[in-house]
């Protein structure tokens, strides 16, 4: 196994995909936006989410219907692999995500955030050459605190994958450009 923090020059994560639901989905989008990693995906028609609607700040397309399962299928299908972050066994939409990954023959890694290393996920991503990664997991109401834990994990993971992204993102932040103008 490679030592922590090593990167492979020929492979790089190019896009994060998520559905915009509270919890893991938004954590993935927030961290991608924070670090300057392109992101997108599908959300249900009307930007439906458990807390009302998916904020417009997330660059998501609306699926043809408000059905969560349709959104989930589109995100799995449009990605090269799916990373499921959870705390324990999979239920509901999170379990459905794994089912869609199997149906569409996409690599899928399910990890329990209490017992995983970022290096093991990095190795899986690199071994499968996943450049467009769907990230999914429970909504916040079903596992309170999951968004915070997922965000911390993803910040570390993305730092290993694209170590210069954070510095590049800070340099490209519009507020900094306005301050320099």
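Nothing in this text is a laboratory measurement; each read-out follows from the coordinates by a stated rule. Please read these numbers as outputs of a predicted model, since none were measured by experiment. Virtual Cβ from ideal backbone geometry, glycine too; neighbours counted across all protein chains shown.
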Open item on the list: If you take every DSSP beta bridge fully contained in the range 28-128, what fraction is antiparallel? Give it as a percent rounded to 5.
Closed with: 20 percent
Task: Ordering of 141-153, 30-42 by burial proxy (mean other Cβ atoms within 10 Å per residue, highest first) - done: 30-42, 141-153
Task: Extension gain, residue 14 back to residue 70 (0.36 nm per residue minus Cα-Cα distance, nm) - done: 17.8 nm
Open item on the list: Take residue 148 and residue 50, extend 7 Å from each Cα along the Cα→Cβ direction, and tell me the distance between the two endpoints in nm.
Closed with: 1.6 nm
